[in-house]
Amino acid sequence: EWLKQVRTFVVEALPNGLPSLKTTAEHFEQNERTFQRALARLGVNFQELIDELRMNLALEYMRADYGFLDIALMLGYSEQSAFHRAFKRWTGVPPSRYKREIMK
C-alpha cells in the first residue's frame, strides 16, 4: 500500500518536473536515508522506480497518440531529446521506430 502511494505521488508530480528523492521522502515525512531503506526492504530502488513509471507512462501516452514533445513534458523531461535517449535505453529503439513498428 505504501509503495502504491509512492508511485502515485511520483506520477502526479512528473508533469511539474522529476521529483527528487529528497522531495519524495519529505512528502512521506521521512529523511532520504530512511526512505531509501524502506524502499530497499521492498526490493525497490528509487531511480529504477522512476524509470519504470516513466516507461510505462510513455507507452500509455504513445498508445493515446500524444506527440513526443508532449510526452517528454508530461514525464518531467525538460526537453524532447532527453526523453528520446531514455526511451531508447528502456526499449533499445527510438520512440518513433517503436511507435511505427512495434505498436502497429
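Filtering segment 57-91 to residues that are open to solvent by 50 Å² or more (accessible area, probe 1.4 Å) and assigned to a loop (DSSP other than H, G, I, E, B) leaves Ala64, Asp65, Tyr66, Ser78, Glu79. For Lys99, the conditions (1) out of contact with any helix residue (DSSP H, G or I) (no Cβ under 7 Å at 6 or more places or on another chain); (2) free of Cβ contacts under 8 Å to residues at least 40 places away in the same chain; (3) among the charged types (D, E, K, R) all hold with the exception of (1).
When you scan segment 39-46, do you find a residue that is free of Cβ contacts under 8 Å to residues at least 24 places away in the same chain, part of a loop (DSSP other than H, G, I, E, B), surrounded by 11 or more Cβ atoms within 10 Å (Cβ to Cβ) and out of contact with any strand residue (DSSP E or B) (no Cβ under 9 Å at 6 or more places or on another chain), even just one? Looking for residues that are free of Cβ contacts under 8 Å to residues at least 24 places away in the same chain, part of a loop (DSSP other than H, G, I, E, B), surrounded by 11 or more Cβ atoms within 10 Å (Cβ to Cβ) and out of contact with any strand residue (DSSP E or B) (no Cβ under 9 Å at 6 or more places or on another chain), one finds at least one in segment 39-46, hence yes. Of all the numbered requirements in (1) assigned to a helix (DSSP H, G or I); (2) out of contact with any His (no Cβ under 9 Å at 6 or more places or on another chain), Glu29 misses one, and that requirement is (1).
The values are calculated or read from the model by the stated rules, or taken from the named source; none is laboratory data. Just so you know, these numbers come straight off a predicted model, no measurement behind them. Counting neighbours? That spans all protein chains shown, and the Cβs are built from the backbone with ideal geometry, glycine included. Accessible surface areas use protein heavy atoms only, side chains included; no ligands, DNA or RNA. Shrake-Rupley method; radii C 1.70, N 1.55, O 1.52, S 1.80 Å.
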